[in-house]
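To keep things clear, I will list the structure first and then write my remarks on it.
The values are calculated or read from the model by the stated rules, or taken from the named source; none is laboratory data. Only a predicted model underlies this, so the values are computations on that prediction, with no experimental measurement involved. So basically every Cβ, Gly included, is an ideal-geometry build from the backbone, and we count neighbours across all protein chains shown. The protein model used for the area step is the full one, side chains on, heavy atoms only, and it has no ligands, DNA or RNA in it. Shrake-Rupley method; radii C 1.70, N 1.55, O 1.52, S 1.80 Å.
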Amino acid sequence: MNTTPGPTKKCRQALFLLAILFSAAQSFAQKSAETKLEKMPVALETDYALSALPPQLRPGAAVYLLDPAKGYYIARKGSNGFITFVMRTAWEWAEFRNDIVTAISYDAEGARVIFPIYEDAAAMRASGKFTALQVRNIVIDRIKKNIYKAPARPGISYMLAPVMRTYPAKPDQHDVMTMEMPHYMFYAPYLTNADIGNIPDGRADGPFLVNPEALFLGKTKAPYGYIIVPAGEKERAKIVADNKGLLKRLADYKPYLK
């Protein structure tokens, strides 16, 4: 019996192999596209980043912008100790999305010990050498080794931008949403909601504590907890009204920011 594949069978085998290779190439291209961020227009990214701060702090704040091919770079030096930037990778969730856009600012202490994590996560993503899960594991490992340290003093992160798009829940939930939620964040390393009297865990009708890293490190071992105080109703309405122009520019740039 002749077992040598005939021309038709060889053709089918070649086509099957080609299909597998094409499918793999498509999958790789899709994954590569998913991990690569689009550069925001510089003026829009700058104005959006600065909107995280109260107006009186904006002139003296340092502004960091994101180069998707390299990571964050300083676009404007500051004089008052505050920094501001647009977060595009929420590393705790271990996925590289293109639609995470959140303006964050830190005082000098946050700039010293918290912002470097965002810098490193952005640089690792930009390099294309790490998966999102590897980035998260590396950050968690560095926290455990005390390479990344907790804030050494009380301090504040302003997140007063008129809109943000990010995860509204813990890292085991992956839905994102666009929100109007200007708020203040005070450093609260190793604390829990029970420590501040917000029970059951994390009611959002008053000050509440958020610490995504606690899911991996344990509730009393995660150094980057924040006590969050939402802006009052009148303050929030004023922030939105004062930023109508910025909101239109953001919505024109990406409809998911409406």
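Quick rundown of the values:
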item: 28 Å Cα-Cα reach of Lys221 towards lysines, excluding residues that sit fewer than 8 places from it in its own chain; result: Lys144, Lys145, Lys149, Lys170
item: Dipole of segment 79-179, positive direction: furthest Cα of Ala123, Ile147, Trp93, with charges on the beta-carbon; result: Ile147
item: Probe 1.4 Å, accessible area per residue of segment 34-76, Å²; result: 45
item: Rough spin-label spacing in nm, given labels placed 7 Å along Cα→Cβ, for Asp201 and Val42; result: 4.6
item: Total charge dipole magnitude, segment 64-140, about the Cα centre, Cβ charges on Lys, Arg, Asp, Glu only, Debye to nearest 20; result: 220
item: Size of electric dipole in the chain: Cβ of Lys, Arg +1 and of Asp, Glu -1, about Cα centre, debye, nearest 20; result: 820
item: Sequence-distant lysines (8 or more away, or on other chains) whose Cα lies within less than 20 Å of Lys39; result: Lys31, Lys70, Lys129, Lys248, Lys254, Lys258
item: Top of Arg153, Arg97, Arg136 by mean-square fluctuation, Gaussian network on the chain, Cα under 10 Å; result: Arg153
item: Apportionment of accessible area to carbon and sulfur, the chain, percent (1.4 Å); result: 59
item: Whole-number accessible area per residue in Å² for segment 77-155, which is evaluated in the context of all protein chains at 1.4 Å; result: 41
item: Extension reserve of the His174-Arg153 stretch, reckoned as 0.36 nm per residue once the Cα distance is removed; result: 4.4 nm
item: Highest-fluctuation residue, Ala49, Ala62, Ala152 considered, GNM on the chain with Cα pairs under 10 Å; result: Ala152
